[in-house]
Amino acid sequence: MDQRLELFNSSDPVDIFVTAQGLVGGVLFWRLMTTVLVLDLFLAMFAAGANIVTIIVYRKMGFVDSTNVSLTALAISDLGGAITAINCVLAIFLPTIPNAPFTFEIFTTSASHPHVMFSRISALITTYISIERYLCVLLPLKIKRIITTRRTFIAMLIIFTISLGLNLHLSLKFPIGWKFFPQRNRSLLGVLPIDDFTILTLDYVRQVIFSLILPVFTSVTVLFSTILLSVALQNSKSWRDANKSVVKTKDTSGQELSAVDSKEARAVKMVIAITTVFIVSSIPSSIHMIAVIMVPEFEVNGRYSNLYALTGMAFLIVDSLNCSANVVIYYRMSTKFRRALRSLFRLDKPS
């Protein structure tokens, strides 16, 4: 008898969500998934806490400039990504409870797909930030008049609204209902198959946008913006050096540095750090979603559902790292953020 069918006849609660489909067998699936689940949950909870702190800190700093608005929006999106990542862990863990009447499929519309949506929102906001910073270096006076706090807020609102709108049909694409599992001789709540052409077409369009167009557009744009920003700052430094018009200061080690150079260096390093984390973390999830498009059975209720769940959870580790990385970058590279954070937790020593 097929090992996968034997699992359905066992009393192990794990087999509640290990269906007969998939390239990864039940025993191996559970061993790998257990390891991934623990790490996922820890990182996602840390990311949620880190982004809540980031939002509070930027609220404390105030929205006096457009950068604070966009970075706060990024933290909100990353918080959404962290919460949906926690939900993804629950989607695998809860069905393992003995006699649970559902499978992990019912979390599709509240976990995996919303997590991808928040990841893409974060990508668009990161793209906006990188372009804004490059233009501010290239045309500082003109861009500061164009990109105001109010317009940045509107841009962030548009990004969130459109992204949410493209995902409203998920409850129709993945209807939840009772499915009979003959190997277990019982019915469980899961995702029912559909054949509605309109809904399937809408979902295909959403997948193309979120899995192909946005990842490629955001990655390429952020990469080139960062390169151009670095070149522009280097040219600016060379011009100032040639004109000998920089203002000298001293750092804590006593070495002479220019105030302008120091500020520009911090800006470049922060952008490069944010960009690097963004690009690296977006690659695995993009590969996963491309596989969903290219392989029809690679989905939550398809032939390769086990492999879909396992790889999705593994890639979630990288996404959770991305959601929590920015707070570390801000703390290390932004003096204002570090000062506000330390003040929030009363870490500064009294005079």
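Listed values, structure above:
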{"quantity": "Residue count for region 336-351, restricted to those that are part of a helix (DSSP H, G or I) and without any contact (Cβ under 8 Å) to a residue 12 or more places away in the chain", "calculated": "3"}
{"quantity": "A273 being among the small types (G, A, S), out of contact with any strand residue (DSSP E or B) (no Cβ under 7 Å at 6 or more places or on another chain), farther than 18 Å from A111 by Cα and at pLDDT 80 or above", "calculated": "yes"}
{"quantity": "Residue within region 292-306 that is over 29 Å from V222 (Cβ atoms), surrounded by fewer than 18 Cβ atoms within 10 Å (Cβ to Cβ), at pLDDT 80 or above and of a type in the set (K, R) present", "calculated": "no"}
{"quantity": "Residue within region 151-167 that is aliphatic (A, V, I, L, M) and either crowded, with 23+ Cβ neighbours inside 10 Å or over 23 Å from D78 (Cα atoms) (or both) present", "calculated": "no"}
{"quantity": "Of all residues making up region 90-142, the number that are in contact (Cβ under 8 Å) with a residue 24 or more places away in the chain, part of a helix (DSSP H, G or I) and more than 22 Å from F210 (Cα to Cα)", "calculated": "10"}
{"quantity": "R145 vs. criteria closer than 23 Å to V271 by Cβ, assigned to a helix (DSSP H, G or I), basic (K, R) and touching a residue at least 60 places away in the same chain (Cβ under 8 Å)", "calculated": "no"}
{"quantity": "Residues (closer than 26 Å to S119 by Cβ, of a type outside the set (A, V, I, L, M) and in a loop (DSSP other than H, G, I, E, B)) located in region 174-232", "calculated": "F174, P175"}
{"quantity": "Conditions (1) touching a His at 6+ places or on another chain (Cβ under 8 Å); (2) over 26 Å from A48 (Cβ atoms): number failed by T311", "calculated": "(2)"}
{"quantity": "Selection status of I83, surrounded by 19 or more Cβ atoms within 10 Å (Cβ to Cβ), touching a residue at least 12 places away in the same chain (Cβ under 8 Å) and farther than 13 Å from N326 by Cα", "calculated": "yes"}
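The values are calculated or read from the model by the stated rules, or taken from the named source; none is laboratory data. Here the structure is a predicted model, which is why all the values come from computation and not from measurement. Positions of Cβ are generated from backbone atoms using ideal geometry, with glycine treated the same way; all protein chains shown enter the neighbour counts.
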